[in-house]
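Here the structure comes first, spelled out in structure tokens, and everything after it is commentary.
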Amino acid sequence: MRRKLLLLLETGLVLAGLLLGASAWKINSALEQPLNITQEELLDVPTGSTPSGTFNRLEADGVLEDAFWLRLYWRFNLATQPLHSGEYRMLPGMSAQGLIGLWQRGEVVQYSLTLVEGWNFRQVRAALAKNDKLEQTLAGLSDSELMEKLGHAGVFPEGRFFPDTYRFVRGMTDAEVLEKAYDRLEEVLAKEWSKRSPDVPYSEPYQALIMASLVEKETGVPQERGQIAGVFVRRMQIGMMLQTDPTVIYGLGERYNGKLTRASLREPTPYNTYVIFGLPPTPIAMVGREAIHAALNPVAGSSLYFVARGDGSHVFSDDLDAHNNAVREYQLKRRADYRSSPAPANGAVTPEEPVPVVPEVPAVPESPEAAPQAPAPASAPDTQAPQGPQ
């Protein structure tokens with residue numbers, strides 16, 4: 001009896017060994033099999049997917065075989081390994097083991113979206129909406145509803161997002177990209193505010209952000225940003241209007257057709273710095289770190305005027321006579337290739353370029369009361385922009 005039991009035990013052990021060996025061989029064969037694809041394909045793994053379900057789907061699609069053995073391998077070797085959602089790049093010649101390696105490392109395909117300095121919020125929303133790799137959750141929302149969805153109810157969106165290239169994976173939402181850009185702007189603005197010049201005329205960072213947006217729209221020449229900020233700051237300090245065309249264009253909104261007229265310069269919108277004193281009520285565009293730094297560290301000097309040369313740079317003048325001479329030379333005798341800002345680099349899409357107009361309004365009004373004041377926009381933040389001395 002004892003010999004029979006020993007024989008049965010030995011037989012069981014042999015069978016178990018054979019079974020284990022066969023299982024190991026089947027698992028190894030399943031892992032080494034090449035994916036049945038002839039060109040690069042993307043495997044979409046939605047949020048909540050499991051390895052077992054994904055193996056079954058790949059087998060049903062004919063991409064691989066022996067899903068059972070692959071599921072068994074994962075269960076006994078990678079049970080605690082999460083399967084990250086996103087897209088995985090499957091290449092011809094890749095084995096099932098290679099695909100599992102991508103899953104282990106979380107090597108999902110990344111996409112990018114670039115938000116460009118100088119864009120307004122309308123352009124930002126358009127760029128998000130046409131990106132088919134993002135999950136669209138903001139369509140149909142007003143700007144105020146959008147900001148509420150982001151957790152910033154009551155915040156005016158213009159200028160509140162940092163221009164940069166943002167990377168994302170399939171399944172990420174347009175709102176998540178905007179949240180990143182919002183947080184990034186807050187971070188950069190706070191850091192630059194901590195390093196501001198002690199004599200800048202701002203009581204809070206938001207006012208500096210408004211000024212930075214004017215600088216951003218006036219020039220893309222790095223060495224000029226501080227000079228232009230200096231001109232604007234000196235104008236504010238003596239109670240002089242800023243008189244910058246981009247604010248007029250922003251105030252016109254979709255009515256702007258690429259040309260400014262003298263009637264446009266006189267139109268009393270909340271943003272028209274030819275008829276209001278001090279800064280407009282909100283930023284007029286997205287701004288980069290350099291423009292923020294310039295607004296907070298304006299270059300000292302005596303110039304109060306500047307005019308575009310036509311090659312993207314500007315001529316700065318201390319008095320009105322010198323400025324009018326520069327206007328006659330560079331504005332009234334334009335070359336065919338005239339530009340008020342530098343040509344875009346790397347084919348980047350840039351906002352519409354303002355067409356300068358020689359203003360008829362006085363360069364230095366007798367007093368702030370001499371110019372009409374437009375009401376602040378209903379959707380603007382409660383923050384008040386600083387005004388020139390009365």
Across the stretch 118-160, what is the total count of residues that are part of a loop (DSSP other than H, G, I, E, B) and within 18 Å of P281 (Cβ to Cβ)?
9
Give the residues of the stretch 125-149 that are among the hydrophobic types (A, V, I, L, M, F, W, C) and touching a Leu at 6+ places or on another chain (Cβ under 6 Å), sorted by residue number.
L138, L146
Specify which of the listed residues (E224, E179) is closer than 18 Å to E290 by Cα, in contact (Cβ under 8 Å) with a residue 12 or more places away in the chain and assigned to a helix (DSSP H, G or I).
E224
Could you tell me whether A263 is at pLDDT 95 or above and not basic (K, R)?
no
Filtered residues of the stretch 182-219 (kept if more than 20 Å from R160 (Cβ to Cβ) and surrounded by fewer than 22 Cβ atoms within 10 Å (Cβ to Cβ)):
K195, S197, P198, D199, V200, P201
Filter result for Q97 (in contact with a helix residue (DSSP H, G or I) (Cβ under 8 Å, 6 or more places away or on another chain) and in a helix (DSSP H, G or I)):
yes
Within the stretch 148-164, restricting attention to residues that are under 18 Å from I292 (Cα atoms) and not aromatic (F, W, Y), which residue is surrounded by the most Cβ atoms within 10 Å (Cβ to Cβ)?
E158
Of (1) touching a residue at least 12 places away in the same chain (Cβ under 8 Å); (2) not in a helix (DSSP H, G or I), T247 fails just (2)
Selection over the stretch 313-330 where residues are part of a loop (DSSP other than H, G, I, E, B), touching a Phe, Trp or Tyr at 6+ places or on another chain (Cβ under 9 Å) and modelled with pLDDT under 85 yields a count of 0
Contacts under 7 angstrom Cβ, first residue in the stretch 103-114 being among the aromatic types (F, W, Y), partner surrounded by 13 or more Cβ atoms within 10 Å (Cβ to Cβ) and not in a strand (DSSP E or B), 6 or more apart
W103/L83; Y111/K133
For the stretch 220-229, enumerate the residues that are crowded, with 24+ Cβ neighbours inside 10 Å and either of a type in the set (A, V, I, L, M, F, W, C) or over 17 Å from V188 (Cβ atoms) (or both).
I228, A229
The stretch 189-221 - residue that is among the β-branched types (V, I, T) and either assigned to a loop (DSSP other than H, G, I, E, B) or outside the structural domain of A300 (by TED's automatic domain parsing) (or both) and, of those, modelled with the highest pLDDT
V200
Can you find a residue in the stretch 302-312 that is in contact with a Gly (Cβ under 8 Å, 6 or more places away or on another chain), of a type in the set (G, A, S), in a helix (DSSP H, G or I) and in contact (Cβ under 8 Å) with a residue 12 or more places away in the chain?
no
Hits in the stretch 132-147 - residues which are over 25 Å from S85 (Cα atoms), without any contact (Cβ under 8 Å) to a residue 40 or more places away in the chain and surrounded by fewer than 17 Cβ atoms within 10 Å (Cβ to Cβ):
G140, L141, S142, E145
Test result for V315, free of Cβ contacts under 8 Å to residues at least 40 places away in the same chain and β-branched (V, I, T)
yes
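The values are calculated or read from the model by the stated rules, or taken from the named source; none is laboratory data. Please read these numbers as outputs of a predicted model, since none were measured by experiment. For neighbour counting, all protein chains shown are included, and Cβ atoms are generated from backbone atoms with ideal geometry for every residue, glycine included.
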